[in-house]
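Some notes on the structure that comes next.
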Amino acid sequence: AQSVSQHNHHVILSEAASLELGCNYSYGGTVNLFWYVQYPGQHLQLLLKYFSGDPLVKGIKGFEAEFIKSKFSFNLRKPSVQWSDTAEYFCAVNAAGTYKYIFGTGTRLKVLA
Amino acid sequence: EPEVTQTPSHQVTQMGQEVILRCVPISNHLYFYWYRQILGQKVEFLVSFYNNEISEKSEIFDDQFSVERPDGSNFTLKIRSTKLEDSAMYFCASAVEGGGDTQYFGPGTRLTVL
């Protein structure tokens, strides 16, 4: 069965610190990969996605993620976080040919001003 | 920018009652989904729906649950005979295409079963 692991449940950073959130999935076939963000009081919004091609994907608000197929990973990065990045971040995987997303448990990021 | 909307934002019900959660997907989207998130746990897929039929469902989506697109705009999730463990946030999502296309999520309905 497919699964997604997000190893960091809570992360606290100061503004301007660099961010890396881990995401690993278990599935042997072709996958589509997503990072979603949920700001306080708001709904899930797409940050970025990977379908194929360049494994380094750039998203909104300065976020990027790298797909490393050999490690089954899709880590999210941002070189310099801002207070407004405080949110919960979800990694999701879609196995090609299926309709559902499998979500990780989420990482709560708190950025201190 | 068009958004997925959900009503109500919070629903409180007694155990054993039926509830209907409503969603209005983005108007040109053709694929519709329901997910749920029990407090403190991960977002879980329930069901996907296309062309007026279920295209995929999880093991959670048993006979207690049903989905319907009663008109051209609404997409509903019905939970019959609610249980305490059905208390969760329920998210609707829609997409233009199926498979791995980007899903756009609504704000969720918080269901509390007493």
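Read-outs throughout are calculated quantities, based only on the coordinates presented, and are distinct from any laboratory measurement. Source: prediction; values computed, not measured. Positions of Cβ are backbone-derived with ideal geometry, glycine not excepted, and every protein chain shown enters the neighbour counts.
Observations on the model:
- Environment charge of A:His9, counting only residues whose C-beta is closer than 14 Å and scoring Lys/Arg +1, Asp/Glu -1: +2
- Dimensionless Rg over Rh [segment B:28-114; C-alpha; Kirkwood]: 0.95
- For segment B:66-75, 3J(HN,Hα) per residue [Karplus equation, 6.51 cos²θ - 1.76 cosθ + 1.60, θ = phi - 60°, Hz, x = Gly/Pro]: 8, 10, 7, 10, x, 8, x, 10, 8, 9
- Residue by residue along B:35-47, Cβ atoms of other protein chains within 10 Å of the local Cβ number 4 on average.
- Taken residue by residue and averaged, Cβ atoms of other chains lying within 10 Å of the Cβ of A:24-31 number 0.
- Shielding of B:53-61 by partner chains, average beta-carbon count, 10 Å: 1
- When only the Cβ of Lys, Arg, Asp and Glu is charged (+1, +1, -1, -1), the dipole of segment A:4-113 relative to its Cα centre reaches about 160 debye.
- Working ranking of peptides A:35-44, B:3-12, A:99-108, B:65-74 by packing, defined as the average number of other Cβ atoms within 10 Å per residue, highest first, is A:99-108, A:35-44, B:3-12, B:65-74.
- In a simple Cβ point-charge model (Lys, Arg +1; Asp, Glu -1; nothing else charged), segment B:60-114 has a dipole of about 220 debye relative to its Cα centre.
- Shape of segment A:38-111, Cα gyration tensor, a/c cut at 1.5: oblate
- Note on segment B:94-114 and segment A:9-82: Cα centroid distance 20 Å, given to the nearest whole angstrom.
- Restriction of the trypsin sites (Lys or Arg not before Pro) in segment B:5-114 to DSSP coil positions whose beta-carbon has at most 16 other beta-carbons within 10 angstrom yields B:Arg80, B:Lys83.
- In this structure, the residue pairs whose Cα-Cα separation is over 20 Å, taken from A:Lys58/A:Lys110; A:Lys78/A:Lys110; A:Lys58/B:Lys57; A:Lys78/A:Lys100; A:Lys58/B:Lys42; A:Lys49/A:Lys100, are A:Lys58/A:Lys110; A:Lys58/B:Lys57; A:Lys78/A:Lys100; A:Lys58/B:Lys42.
- All other residues whose Cβ lies under 14 angstrom from that of B:Met89 are scored, Lys and Arg at +1 and Asp and Glu at -1, for a net of -1.
- Local electrostatic count, A:Lys110, Cβ distance below 13 Å [Lys/Arg +1, Asp/Glu -1]: -2
- Ordering A:84-96, A:55-67 by mean Cβ neighbour count within 10 Å, with the highest value first, yields A:84-96, A:55-67.
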